[in-house]
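Undergrad: Here you go, one structure.
The values are calculated or read from the model by the stated rules, or taken from the named source; none is laboratory data. As the structure is a computational prediction, the values presented were derived from the model and not from experiment. Cβ placement follows ideal geometry from the backbone for every residue including glycine, while neighbour counts extend to all protein chains displayed.
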Amino acid sequence: MGQKVNPIGYRTGVMLGWKSRWYAPKEEFSALLVEDKKIRDFIKKHPTGKYSAAGIDRIEIERTRDEVKVIIFVARPAAIIGKKGQDIETLQEELQNLTGRRINLKVQEVGRPEIHAQLVAEKIAEQLAKRASFRRAMKRAAEETMEAGAKGIKIQLAGRLGGAEMARREKQISGAMPLSTLRAKIDYGFTEAMTAQGHLGVQVWINQGTYGDEADGDDAQTGQASKGPKRSYKR
């Protein structure tokens, strides 16, 4: 079961909250769900591509009767905010034009991006797209994550690895990875690497510790890595 179920979906509603937090009548629910998908896709796959370097971990959405609150968790907030906040104002206007609603945009800095699975997966995919050795990319990512204080990491690549004629899977596991233990804080990320031979699937599981150990939610060991203060930026 632990190998087949998304660890985040498995824990949502039990140990984790939802990434979209709002209530709607039955006749409006589907339209708002599609709108959430449009907001996330617009930010992650912006037509100009200027937010791809920001390191977006996740996007959370809260709705009230008057406005839509969009919280973007990023490793590099400056890539979204821009000089004197000009880029974030432009993005807010674009989202308002897309949805026709008032948008309240907030950017939250992610501490220690090395222990966030989505950011690790995207970093590996970026290296694979530049024709780096997949084994070297996996090994380097696993070492950086473990040095940052994670309890365990599992990386799985699938596709025509190394330009081989037949697709296959390769795994690398370091530390502990209890996928069926609900109290274990397992972060999961998935992305695709675009290579000349085709798309390569990149899956990353990171064991950040146990829920409830620390107030801020990052339960990975802090003794091995420096942890800067978290900053938030509001509009």
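Undergrad: Looking at the range 37-79, which of the residues that are in contact with a Phe, Trp or Tyr (Cβ under 7 Å, 6 or more places away or on another chain) and among the acidic types (Asp, Glu) is nearest to Arg101 (Cα to Cα)?
TA: Glu62
Undergrad: Does Ala150 fit the bill of being closer than 18 Å to Leu16 by Cβ and either assigned to a loop (DSSP other than H, G, I, E, B) or touching a Leu at 6+ places or on another chain (Cβ under 8 Å) (or both)?
TA: yes
Undergrad: Condition check: within 16 Å of the chain's Cα centre (by Cα), under 30 Å from Ser180 (Cα atoms) and assigned to a helix (DSSP H, G or I). Does Gly111 satisfy that?
TA: On the way: within 16 Å of the chain's Cα centre (by Cα): yes; under 30 Å from Ser180 (Cα atoms): yes; assigned to a helix (DSSP H, G or I): no.
For Gly111, the condition - within 16 Å of the chain's Cα centre (by Cα), under 30 Å from Ser180 (Cα atoms) and assigned to a helix (DSSP H, G or I) - is not met.
Undergrad: Another one. Taking the residues in the range 176-214 that are out of contact with any strand residue (DSSP E or B) (no Cβ under 7 Å at 6 or more places or on another chain) and among the aliphatic types (A, V, I, L, M) as candidates, determine which candidate is farthest from Arg58 (Cα to Cα).
TA: Ala196
Undergrad: Right, next: Give the range 144-171 a look and list any residue that's buried (at least 18 other Cβ atoms within 10 Å of the Cβ) and more than 15 Å from Gly201 (Cβ to Cβ), or say none.
TA: Thr145, Met146, Ala148, Gly149, Ala150, Lys151, Gly152, Ile153
Undergrad: Restricting the search to the range 1-38, which residues are in a helix (DSSP H, G or I), surrounded by 14 or more Cβ atoms within 10 Å (Cβ to Cβ) and among the aliphatic types (A, V, I, L, M)?
TA: Step one: filter the range 1-38 for residues in a helix (DSSP H, G or I), giving 7-11, 26-38.
Then keep just the ones that are surrounded by 14 or more Cβ atoms within 10 Å (Cβ to Cβ); that gives 7-8, 10-11, 32, 35-36.
Hits for the range 1-38 are Ile8, Leu32.
Undergrad: Another question about this same structure. Listed residues Ser30, Ser20; which is hydroxyl-bearing (Ser, Thr, Tyr) and touching a residue at least 24 places away in the same chain (Cβ under 8 Å)? So that I can check it myself, show each step before the final result.
TA: Values: Ser30 fails: touching a residue at least 24 places away in the same chain (Cβ under 8 Å).
Selected residue: Ser20, the only one of Ser30, Ser20 that is hydroxyl-bearing (Ser, Thr, Tyr) and touching a residue at least 24 places away in the same chain (Cβ under 8 Å).
Undergrad: Further question on the same structure: State which residue is modelled with the lowest pLDDT when the search covers only the range 39-64 and only residues that are surrounded by fewer than 15 Cβ atoms within 10 Å (Cβ to Cβ), part of a loop (DSSP other than H, G, I, E, B) and among the hydroxyl-bearing types (Ser, Thr, Tyr).
TA: Thr48
Undergrad: If you check Leu105 against the conditions, is it more than 30 Å from Thr181 (Cβ to Cβ) and of a type in the set (A, V, I, L, M, F, W, C)? Steps first, answer last, please.
TA: Values: more than 30 Å from Thr181 (Cβ to Cβ): yes; of a type in the set (A, V, I, L, M, F, W, C): yes.
Criteria met by Leu105.
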